[in-house]
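All remarks here apply to the structure that follows.
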Amino acid sequence: MKMNIKQRLSRIYFVLYCFFLGYCPTQPEIKNNRIKKLTKRLKAGSYEETLTNILEWQEGNIKFWTERHPINTLLMYIYGRILLAFVLLVFCGPIIIIGILVVLNIQTIVATWLIQIVLWFILNTLWLIAILASVTLTILATMILILHSNRKFPWKKILRGLKNIVWPSISIEFLLKNKLGVCRDYAKLTACLLLNIYPNEQIYFATAPGHVATGIMIKGNLYMLDQRLPILTMDKWRIYRNARAKDKVEKFTKRSLKRSVLKKIDIFCLPSTTGTTSFDTKELAKRMTKLLDIREQTGVGASLLEMKILLKRGATLYEDNEMVNYSLARRLKTKISGEMLELCQVTKLEITRDRDDLTFRIIFRPNK
């Protein structure tokens, strides 16, 4: 079925919109073979396990691309100023002034004077563009040198992937191959995975100052997947990222096999799950003990050791929710394993609260 001009323009607009936002996936990216293969590995039998698998894989495999975030943002700012200056002063300025001359029928001497002013504006605009272009090249060269020296990227690889360095939207292929990205790259990757695993569920993007993350609506609750565990409810995520009322939430809607749109959603129309922030740390410890299958033992206290794991702002961000509880337990499991400790060695788990922070006290048997 052929698309008409309006449909083609709408599709082009969506692709450009996704490009400048950086986090919105296009249909070819959603159907990417690497994504489909990764989807098969991460998909599990329940929502809790699948979403937790996605975040755990991202945290363990994707590194935050520290150099890309500020430099790319600065480059896009410069690009915008160059384009604006060029359009307004080079094209719009002369047209407006010549139009005034024609309408008012201004005499030749005055007209010549005005034309000289226009030429002066054009000359200065070109100087401005030259300065901005030199700044851009300097920033670009700096970033390339950083990638070569710090990230150990070979020169050939850098030149081939140059567009992924300076553009706001990097390709899924580049992201998965090099395992480097910033928040909008994480958001795009998460959206691609969710759209393959749960094609009938509602996918959202939520923004905060200098940040974006992906969410999914499950059983009336909007859960945010933000680079690392645990999974957060929308209300808690907004607290975590200091989101403001004016920060937008967008719903990703797939209208056809080749066309998708982003629809802005009023934040107050989304379901709210947040109740009181106070909770019983003993009850939470019981839930974690059950989810981690920790078998408490007594009578061997003299030979036991302990370890503490700190979850900053955990008391503020935690919500008694099945999805949150499961993902938090998996995060604890990962932290415990990272300390070269087997879960079968753990005999007891205690949780204490210090203002907004939670401390998990792990009591375990030493290796013999």
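The values are calculated or read from the model by the stated rules, or taken from the named source; none is laboratory data. Keep in mind that this is a model prediction, so the values were computed, not measured. Cβ placement follows ideal geometry from the backbone for every residue including glycine, while neighbour counts extend to all protein chains displayed.
Does Asp235 count as surrounded by 23 or more Cβ atoms within 10 Å (Cβ to Cβ) and either modelled with pLDDT of 85 or more or within 14 Å of the chain's Cα centre (by Cα) (or both)? No: the conditions fail for Asp235. Checked across the range 355-365, the condition of being part of a loop (DSSP other than H, G, I, E, B), modelled with pLDDT under 90 and under 27 Å from Arg238 (Cβ atoms) holds for at least one residue. Selection within the range 212-226: residues that are modelled with pLDDT of 90 or more and surrounded by fewer than 18 Cβ atoms within 10 Å (Cβ to Cβ). The member of this set that is nearest to Asn325 (Cα to Cα) is Ile218.
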